[in-house]
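Colleague: Next up is a structure, given as structure tokens.
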Amino acid sequence: MDLRRVEMFLGVVDAGTFAGAAARLGFVQSTISAGITALERDLGVQLFDRTSRTASLTTAGRALVPEARALTTRAALARRVVQDADRTLSGQLTVGVINSIRPIPLPRALARLNAAHPGVGIRVLSDAIGSAGLVERLRRSELDAIIASGDLTDEQSRDLLVTPLCTGALVCAVGVGDALRPHQALRLAEIADRRWIESPLGQANRSITDAAFGRAGLARQVVAEVADPADVPEYVAAGLGIAIVPDFLVADRADLRVLPVLDAELRWSIAAIRLARRRSAVLDEFWRELLATVRGHDPARQPFYP
């Protein structure tokens, strides 16, 4: 199959119309139509129902979609591997990060990489869905590596190299005027009926907290979801509700009380993650710089855990 025609096919699928695909891909509509017709002739099947006003897939077309996406992903990966090999330590490095990576010295690691290899372009991106979204983008080869939650399911971590960087406690944060006593150790049942501030569904620490209350058979009332976990303490301090957050987000805050939870193992973790099969000089050098920086510039040390 001609890869460009496959890309046109996916363009129509994603845009919903031939005209929309033409606009996205930078072609005139007749070029898209001709490309799809040639692909159908090559495969010996009809991929779209031409009687519909929109680009409605036939059964054969629906069957082709996952295979086409896999083909274009492999082609993109092959292209990047070859380009990296040809350009050695020039090219592009794209790193995906969750919103809160304060304990990870990523800027310092990237500064070291840039000082040693100024020909490498650097992009740092985030994803609204958090770690789950970053993992999916990593698998599609949109990202070279990610800094995300180390608390992945077996399915999420399949074919990935996951290197722990640091971990710590998830703690309960309440306002200074809260009825809960300072330094009081809590049980989940004591705080389940409070008003809660949370990060959106799908983010790792939200999933950990939800699972803990679920195992205890307790329900919560979430009154607000805040996209960036680093902003959650501000809403707690304003009196909107309470929250369970990573300890580093609330350390040394005079406007909050930080209380441990006794009856649940609540911990955050951050890991460096890459595709196990992906190899390139740029990625390998970034990986080395990141781990050396996290370990205090001493490669003999193990990943640190605060």
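The values are calculated or read from the model by the stated rules, or taken from the named source; none is laboratory data. Please read these numbers as outputs of a predicted model, since none were measured by experiment. Here the Cβ positions follow ideal geometry from the backbone for every residue, glycine too, while neighbour counts run over all protein chains shown. Note: areas computed on protein heavy atoms with side chains; ligands, DNA, RNA excluded. Shrake-Rupley method; radii C 1.70, N 1.55, O 1.52, S 1.80 Å.
One line per residue, one yes/no per condition, for (1) within 18 Å of the chain's Cα centre (by Cα); (2) of a type in the set (A, V, I, L, M, F, W, C):
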{"residue": "Leu165", "(1), (2)": "yes, yes"}
{"residue": "Ala173", "(1), (2)": "no, yes"}
{"residue": "Val176", "(1), (2)": "no, yes"}
{"residue": "Ala185", "(1), (2)": "no, yes"}
{"residue": "Ile191", "(1), (2)": "no, yes"}
{"residue": "Ser199", "(1), (2)": "yes, no"}
{"residue": "Thr209", "(1), (2)": "no, no"}
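Colleague: Residues in the range 99-151 that are closer than 24 Å to Pro66 by Cβ, open to solvent by 40 Å² or more (accessible area, probe 1.4 Å) and either of a type in the set (S, T, N, Q) or without any contact (Cβ under 8 Å) to a residue 60 or more places away in the chain (or both): how many?
Modeller: Qualifying residue count for the region: 3.
Colleague: Could you grab the pairs with beta carbons closer than 8 Å, sequence gap of 6+ or different chains, first residue in the range 10-27 and touching a residue at least 12 places away in the same chain (Cβ under 8 Å), second one open to solvent by less than 50 Å² (accessible area, probe 1.4 Å) and polar (S, T, N, Q)?
Modeller: Leu10/Thr72; Phe18/Ser33
Colleague: Between Val258, Val282, which is more than 25 Å from Ser141 (Cα to Cα) and either assigned to a helix (DSSP H, G or I) or in contact with a strand residue (DSSP E or B) (Cβ under 6 Å, 6 or more places away or on another chain) (or both)?
Modeller: That would be Val258, the only listed residue that is more than 25 Å from Ser141 (Cα to Cα) and either assigned to a helix (DSSP H, G or I) or in contact with a strand residue (DSSP E or B) (Cβ under 6 Å, 6 or more places away or on another chain) (or both).
Colleague: Mind checking which residues of the range 228-241 are aliphatic (A, V, I, L, M) and exposed (fewer than 14 other Cβ atoms within 10 Å of the Cβ)?
Modeller: If the condition is that a residue be aliphatic (A, V, I, L, M) and exposed (fewer than 14 other Cβ atoms within 10 Å of the Cβ), then Ala238 is the only one that fits.
Colleague: What do you reckon, is Ala254 crowded, with 20+ Cβ neighbours inside 10 Å and at pLDDT 90 or above?
Modeller: Here the answer is no, as Ala254 does not meet what is asked.
Colleague: Hey, any hits in the range 84-98 for a residue that's β-branched (Val, Ile, Thr), farther than 25 Å from Glu265 by Cα, open to solvent by 40 Å² or more (accessible area, probe 1.4 Å) and at pLDDT below 90?
Modeller: yes
Colleague: From (1) hydrophobic (A, V, I, L, M, F, W, C); (2) at pLDDT 90 or above; (3) surrounded by 14 or more Cβ atoms within 10 Å (Cβ to Cβ), pick out the condition that doesn't hold for Ala63.
Modeller: (3)
Colleague: Among the residues of the range 38-55, is there at least one that is of a type in the set (Lys, Arg) and within 30 Å of Asp144 (Cβ to Cβ)? Steps first, answer last, please.
Modeller: So in the range 38-55, the residues of a type in the set (Lys, Arg) come out as 41, 50, 53.
Adding the requirement that they be within 30 Å of Asp144 (Cβ to Cβ) leaves none.
So far as the range 38-55 goes, no, none of its residues is of a type in the set (Lys, Arg) and within 30 Å of Asp144 (Cβ to Cβ).
Colleague: So if I check each of Ala19, Ala38, which one is touching an Asp or Glu at 6+ places or on another chain (Cβ under 8 Å), among the aliphatic types (A, V, I, L, M), farther than 30 Å from Pro118 by Cβ and surrounded by 12 or more Cβ atoms within 10 Å (Cβ to Cβ)?
Modeller: It is Ala38.
Colleague: Collect the residues in the range 94-123 that are closer than 17 Å to Asp284 by Cα and of a type in the set (Val, Ile, Thr), keeping them in residue-number order.
Modeller: Thr94, Val95, Val120, Ile122
Colleague: Another question, if that's okay. So, in the range 191-227, of the ones that are of a type in the set (Asp, Glu) and in contact (Cβ under 8 Å) with a residue 12 or more places away in the chain, which residue ends up least open to solvent (accessible area, probe 1.4 Å)?
Modeller: Glu198
Colleague: In addition: Among the residues in the range 141-151, are any within 12 Å of the chain's Cα centre (by Cα), over 19 Å from Arg279 (Cα atoms) and among the hydrophobic types (A, V, I, L, M, F, W, C)?
Modeller: yes
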